[in-house]
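Inspection log for the structure reproduced underneath, given as structure tokens.
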Amino acid sequence: MDDQGLDVGEHIVLEDLEDSPLPLGEIGWPEAPSRQRVAEVCGAGLVSLVARGFIEVRRFESWPEPWERGRPVRGDELLAESRRVERWTSNASHAHLVAHITEAGRRYL
């Protein structure tokens with residue numbers, strides 16, 4: 001954890017969401033050894049940030065769409081989806097998971 005109370009995964013996700021909303025495939029760090037590693041690190045951060053109310057995640061059939069049209073994803077569904085490497089790639093073949101920072105999360109930027 002850093003001095004703001006965020007772990008590495010949470011920090012990466014929040015920083016990428018400064019200009020949110022963003023599909024999960026656009027979140028991560030350029031020098032990551034693989035998208036598997038991004039899923040491992042950022043997936044846990046994503047779930048934690050949603051639980052803390054710092055971000056929201058919604059499912060969209062196509063992207064971009066108006067934020068209000070997305071279906072919220074949280075709890076066990078988010079936990080399962082955040083572990084899927086294909087969610088963290090930019091070539092999602094079907095529904096898109098998109099994260100958006102909340103006002104509570106903005107204070108950590």
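Using a Gaussian network for the chain with springs between C-alpha atoms less than 10 Å apart, which of these wobbles most: GLY28, GLY43, GLY53?
Result for the chain, Cα springs under 10 Å: GLY53 fluctuates most.
Roughly what would the spin-label model give for ALA95 and ARG37, points 7 Å off Cα along C-beta, in nm?
3.0
For the chain, what are Rg and Dmax over the alpha carbons, in angstrom?
Cα radius of gyration and Dmax of the chain are 12.6, 38 Å respectively.
Just the number, please: carbon plus sulfur as a percent of the accessible area of the chain, 1.4 Å probe, no ligands or DNA/RNA counted.
49
On average, how much accessible surface per residue is there in the chain, in Å², for a 1.4 Å probe, leaving out ligands, DNA and RNA?
Working: 5980 Å² over 109 residues.
Per residue, the chain has an accessible area of 55 Å².
Based on DSSP loop calls and a cut-off of at most 15 other Cβ atoms within 10 Å, the longest stretch of the chain free of exposed GluC sites (Glu not before Pro) is what?
62-109
Quick one: how many Å² of LEU78 are accessible to a 1.4 Å probe, rounded to 10?
That residue has around 0 Å² of solvent-accessible surface.
Mind checking the full-extension length gain between GLU61 and ASP19? Use 0.36 nm per residue of separation minus the Cα-Cα distance, one decimal, nm.
This chain segment gains 13.0 nm when fully extended.
Need one number: nm distance between label points at ARG74 and ALA104, each 7 Å from Cα along Cα→Cβ, rounded to one decimal.
About 0.8 nm, to one decimal.
Given the DSSP H assignment, sum -39500 (n - 2.57) over each helix run of at least 4 residues in the chain and divide by its residue total; what's the result at 222 nm in deg cm²/dmol, nearest 500?
Taking each H run of at least 4 residues, the total per residue is -10000 deg cm²/dmol.
The values are calculated or read from the model by the stated rules, or taken from the named source; none is laboratory data. Being a predicted model, the structure only gives us computed values, none of them experimental. Quick reminder, even Gly has a Cβ in these numbers, built from the backbone with ideal geometry, and neighbours come from all protein chains shown. Note: accessible area is taken over every heavy atom of the protein model, side chains too, but ligands, DNA and RNA are not part of it. Shrake-Rupley method; radii C 1.70, N 1.55, O 1.52, S 1.80 Å.
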